[in-house]
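These notes concern the structure reproduced below.
The values are calculated or read from the model by the stated rules, or taken from the named source; none is laboratory data. Quantities reported herein were computed from a predicted structural model and do not represent experimental measurements. Cβ placement follows ideal geometry from the backbone for every residue including glycine, while neighbour counts extend to all protein chains displayed. Accessible surface areas use protein heavy atoms only, side chains included; no ligands, DNA or RNA. Shrake-Rupley method; radii C 1.70, N 1.55, O 1.52, S 1.80 Å.
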Amino acid sequence: ALTTCIPQIRRSLLAVQFWGYSQYLRYGSSCQHAHTRTQSHTHTHTHAHTRSMQMKRHIKVVEPEIEDGPVEYKRQINGTATRLRSLGTQMGFRLDEGSGICTYQVGVEDDGAHSLLDYVAIAESCKILEFLAHSLNAIVIERTLIQDEISKVETTNDDNDIDDDNTESTIIRYEKSTATTPFIFQEPSILGDSQGVVQEWPEGLDSNEMKQRRGSGVLTRAQIRIQRIETHQLEKQAIVKEHAVSRVDTLDGTEDDCGKRRTNGNNNNNNNSTTNPSNKPPAAALPGKKASTSLSSRKQHRGDIGDTLSHRNVRIAVMGNVDAGKSTLIGTLTTSSLDDGRGKTRTFIMKHRHEIETGRTSTATNHLMGFTQRGEPVVGRDSVRSKIKGIDEIAKESYRVVTLMDLAGHEKFLKTTIHGVASGFADYALILVNSRQTATHMTMHHLNLCCSFKIPLIVVFTKIDGCPEHALETSKEAVTKMLLAPEISKQPYEVKSIEDVGLAVDKLSMDSTTVPMFQISCVTGHGIDLLQKLFFSLPKRRRHSQKKKRSFEFLVEEIYDVPNVGAVVSGFVNAGELSVGPNSVVHLGPNDDGSFVETVAKSAHIARINTTHVTAGQSATLALPLLSKEMRLQLRPGMVVLQNSPSSTMEFDAEICVLKGEKTTIREPHQAFVHILNIRQSAVARDIQLVHHHPPAIASDAEESMEQPGIMDTSDEDSDKENVVLQPGSRAKVRFEFTQRPEYVRPGMRLLFRDGRVRGVGLVTSVPQV
């Protein structure tokens, strides 16, 4: 049966194929002609649309956009969350360029041409832009809409290339409006921030025409002015702008005697005094004009931030035994939020995963806490974005800042803590003690370390919530005993009220023998307000402003390799000033052979804020893009960036003092680990000479004094130098020799040497000339 069916199936398939071929011969040519005609007709419309698009967006209404400055052009604002985050970063840059005020031209191309969008699209973009400004702690102070700049002209054209008759194409042209002046009107902020600005329409308009102008099809562009709030340069009254002032597009940037920023503007109502008597409309609101911001204003604003991060920046080293709550306290202070009793706030500032898991800090990190001019702490959490503010936001909103240096408390990380104190330039030291436990030997080590550098002490008893009274008294007695010990010789002073805070500040200003003691709880907030008042009132001890006239000296602490940028070094500006740029030539080193490399400091950041000038007393980062790959591999912490021709050395002379309280004996040759500011290297003590005069004073201004110690009277000149032994409390002049590589050392640098524990301190007196 199967054999019989196969021939029938073959015949059926042949019949189907033949029928399909006949249909192709019958209708194929006509279908092809129809397809060709449709394609030609589509090409005609596409050609007409292309000609229309070529005429679009070429009508200039403002000057082309410039890369820098406070003015940004946008055709339309929409997109995904990632795109909005990018736009937020861009808005922050424009706000920085305009000293907290920027202008957005919505509906304008980058070349200054009109984007040819209607009111509905522009209004939606303005709405998104305003919510984006709120996420950056900024408000919209002016929203100006401009219409009747462009007119739409439609023409018809016969296309003779089409076979069909009566085929026409429509060409749309956009050209300058014949109206003498554009139609300009004001709208209030969507979120109600532009107080004093109401809906403003030109006279003689009825409600129907107003409704039409706010509909679709009306070509519109907008000019929006955005102002950052909560900065120390702006008072609350500055947020409430008068309508006449809000229409001005330039910011003079001058300041009165009280330091408040004044804004020059056009006052049509004659209610407020202005500095611009002309009645001309805003420059950026009219065709062919562009907004501008005073360059001196931008420089003044950046100078204010630079002063805040140098002259009004108090650096406090936070130390204490493990589990004393150092990171938790810093997290509570910087984020303005209380802890949950399980270390919630410390997770906001910890750097590594193992630190979060174990709750123990292993690295030295810096965190910024800001204050306004009135002494109120700057809130560290953004209520709009529900996230922790960055150090750049804290710096911009603060008049005075406190840098909290979180140091390790565990004994195995003691060398990290020593390096943090040696290179941290701390003005004060905060010693934390767990009130539920008695003070340990690590507390004594931290007290000795701070006293070695003449750093004033502040003791804080933590975790007092739920602490038994007898446990707290036991901790107080143990700490008091340590402070009164001969090697410390400090007088404790308990702070319980605001009046006590004022007395404590006075005592710390007069002498460093008084130690204020606080009792706090990061869970209940007890005592936090007193500690904040103390931080705001503390005077800055280290006068880096006196080092500006010296040669530029930058101490390298961390190294980064940033893609598309190159080598970036982070550290502290110890002396001098530097203006970065393509012509800023600096010397980086020393290398392992003691040589320095000449390179260019192209850009700089302070507190993640782009700047062109760094000065003494600031923590900054420098971009060194011209370094080769081989040189980038040789970068290490402990290097310096200098302007003048530098030199390195393997030997140096120092006047040292062996600390009391340590069972130490030093004789020649003695090898120890030496800390000289950011330098960490083992060295051998040679040529030890005993001296009989007062011990070298560690300069309270972070070794800014270039004066060398006086001439020392050596004793026992006829004695055998090999028998010289240094005991605790002994003072001597020693020549140290590095064991690994040359380093940059100069007279006046402070010195600390250890072999497990801190053994002694001193000052570099001279460097042998090679």
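Calculated accessible area for region 721-764 comes out at 35 Å² per residue, all protein chains present (probe 1.4 Å; ligands, DNA, RNA ignored). Classify region 477-553 from the C-alpha gyration tensor, please: rounded if a/c falls under 1.5, else prolate or oblate depending on whether a/b exceeds b/c. It is oblate, given that a/c is not under 1.5 and a/b is not larger than b/c.
Can you list the trypsin sites (Lys or Arg not before Pro) in region 471-557 that are in a DSSP coil and have 16 or fewer other beta carbons within 10 angstrom? Taking region 471-557 and a limit of 16 other Cβ atoms within 10 Å, the loop trypsin sites (Lys or Arg not before Pro) found are LYS496, ARG543, LYS548, LYS549, ARG550.
With a threshold of 20 Å on the Cα-Cα distance, the over-threshold entries among LYS344/LYS412; LYS415/LYS463; LYS540/LYS733; LYS74/LYS389; LYS454/LYS540 are LYS344/LYS412; LYS415/LYS463; LYS540/LYS733; LYS74/LYS389. Between ILE190 and ARG173, the simple label model (points 7 Å from Cα in the Cβ direction) yields a spacing of 3.7 nm. A Förster radius of 35 Å, combined with the Cβ-Cβ distance separating THR363 from THR524, puts the computed FRET efficiency at roughly 0.75. Accessible surface area normalised per residue over region 528-585 is 44 Å², counting heavy atoms of protein chains with a 1.4 Å rolling probe. Backbone geometry of region 411-427 corresponds, through the Karplus equation with coefficients 6.51, -1.76 and 1.60 at θ = phi - 60°, to 3J(HN,Hα) couplings of 5, 6, 9, 5, 5, 5, 5, 4, 5, x, 6, 5, 10, x, 6, 6, 7 Hz, x marking Gly and Pro.
Compared with the direct C-alpha span, the chain from LEU472 to GLN769 gains 101.3 nm at full extension, assuming 0.36 nm per residue. For ARG686, the accessible surface of its heavy atoms amounts to roughly 100 Å² (probe 1.4 Å, protein chains only, rounded to the nearest 10). To put it simply, the accessible area of region 66-112 at a 1.4 Å probe is 49 percent carbon and sulfur. Note on ASN610 and ASP593: the extension gain reaches 2.7 nm, defined as 0.36 nm multiplied by sequence separation minus the Cα-Cα distance.
Taking amide H as placed 1.01 Å from N in the peptide plane, the amide H of GLY409 sits under 5 Å from that of THR361, each at least 5 places away or on another chain. Rounded to the nearest whole Hz, the Karplus-based 3J(HN,Hα) values (6.51 cos²θ - 1.76 cosθ + 1.60, θ = phi - 60°) of region 594-610 follow the sequence x, 8, 10, 10, 8, 8, 10, 8, 7, 8, 8, 10, 10, 6, 6, 10, 5, with x at glycine and proline.
For GLN671, nonlocal amide neighbours, meaning residues 5 or more places apart or on other chains whose placed amide H falls under 5 Å from its own, are ALA685. Extending 7 Å from Cα along the Cβ direction at ILE498 and again at LYS549 yields two label points whose distance is 4.2 nm. Karplus-based coupling profile of region 611-623, in residue order and whole Hz: 8, 10, 8, 10, 9, 4, x, 10, 8, 9, 10, 10, 8, with θ = phi - 60° in 6.51 cos²θ - 1.76 cosθ + 1.60 and x standing for Gly or Pro. Shape verdict for region 384-449, please, from the Cα gyration tensor: rounded (a/c under 1.5), prolate (a/b greater than b/c) or oblate. Prolate, since a/c reaches 1.5 and a/b exceeds b/c. Taking a Cβ cut-off of under 15 Å around GLY502, the surrounding Lys, Arg, Asp and Glu residues balance to a net charge of -2, with basic ones at +1 and acidic ones at -1.
Length gained on full extension, SER135 to GLU67, computed as 0.36 nm times the residue gap minus the Cα-Cα distance: 22.1 nm. Approximating the spin labels as points 7 Å out from Cα along Cα→Cβ, the ILE356-to-VAL562 distance works out to 2.4 nm. When the pairs LYS351/LYS476; LYS326/LYS387; LYS60/LYS127 are compared against a 27 Å limit on Cα-Cα distance, LYS351/LYS476 fall above it.
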